[in-house]
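*Asks:* The structure under discussion is supplied below as structure tokens; questions concerning it will follow.
The values are calculated or read from the model by the stated rules, or taken from the named source; none is laboratory data. Keep in mind the model is a prediction, meaning the values are calculated, not measured. We place every Cβ from the backbone using ideal geometry, glycine too, and count neighbours over all the protein chains shown.
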Amino acid sequence: MTGLDKILEQIKADGDKEALALKQECKTKVEEILAQAEADGKQQAALILAKSESECKGIEERAKSSSQLKISNAILSAKQEVIAKTISKGIQIIKTLPEKEYFDLIKKMIKKNYNGKPCEICFGKKDLERMPADFKKSLKELDKSLALSDVPVDIDGGFILDYGMIEENCSFDAIFSDLSEQLTDEAAAILFS
């Protein structure tokens, strides 16, 4: 072997040795990068999983809260419907009382609501038609300044006290409407306690 061949062989051996070292260094770097990427990936996956679990829990809680609200609203609506039907039935019972009981109730209501000033008492057509013959006389016994109107007004049960410039609506619908909140509370206490 000549000197040149030895030099070339030495260069090749040094090159192979350097290539092997570079290859080993690259392999180590690749392993480090892969290990770091795997650790980063696991960390990212854990963060994504935790965030997803948190979001799922929030969605579940909102869904549960929403369904509870819907159930509560449905129950409230059903209770309000029962109360409204009960009050409506009460009004109908009063409106269909036998004549004597009905007009005795009307007299009590007139006594309670009449302010002592001259007024005309107005009834709906149905009440005027079924009014007892002695009712007008019994009104005068309550107070001489009470007059009974022969002209029907547009109400279904009860009466209107007409003082001229001022009218007091004592129809059952108006009275129950004015007392609706109190009646609703009382009916709820009775029905749902």
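*Asks:* Within the range 119-129, can one find any residue that is assigned to a loop (DSSP other than H, G, I, E, B), over 16 Å from Phe172 (Cβ atoms) and free of Cβ contacts under 8 Å to residues at least 24 places away in the same chain?
*Replies:* No, there is no match, as no residue in the range 119-129 is assigned to a loop (DSSP other than H, G, I, E, B), over 16 Å from Phe172 (Cβ atoms) and free of Cβ contacts under 8 Å to residues at least 24 places away in the same chain.
*Asks:* Oh, and also: Looking at Ala13, Ala19, Ala39, which one is under 60 Å from the mean Cα position of the chain (by Cα), small (Gly, Ala, Ser) and in a helix (DSSP H, G or I)?
*Replies:* Details: Ala13 fails: under 60 Å from the mean Cα position of the chain (by Cα); Ala19 fails: under 60 Å from the mean Cα position of the chain (by Cα).
Answer to the selection: Ala39.
*Asks:* Report, ordered by the first and then the second residue, all pairs with beta carbons closer than 9 Å, sequence separation of six or more or different chains, a first member in the range 99-113 that is under 13 Å from Gly157 (Cα atoms) and in the same structural domain as Lys126 (by TED's automatic domain parsing), and a second member that is surrounded by fewer than 12 Cβ atoms within 10 Å (Cβ to Cβ) and of a type in the set (S, T, N, Q).
*Replies:* Note: pairs meeting the criteria are Tyr102/Thr96.
*Asks:* Taking the condition closer than 28 Å to Lys89 by Cβ and not basic (Lys, Arg), does Glu129 pass?
*Replies:* Details: closer than 28 Å to Lys89 by Cβ: yes; not basic (Lys, Arg): yes.
So Glu129 passes the test.
*Asks:* I would also like to ask the following. Which residues, taken from the range 76-103, are surrounded by 15 or more Cβ atoms within 10 Å (Cβ to Cβ) and not aliphatic (A, V, I, L, M)?
*Replies:* Hits for the range 76-103 are Lys79, Thr86, Lys95, Tyr102, Phe103.
*Asks:* Quick one: in the range 132-170, which of the residues that are touching a Phe, Trp or Tyr at 6+ places or on another chain (Cβ under 7 Å) and closer than 15 Å to Tyr102 by Cα is surrounded by the fewest Cβ atoms within 10 Å (Cβ to Cβ)?
*Replies:* So the residue we want is Pro132.
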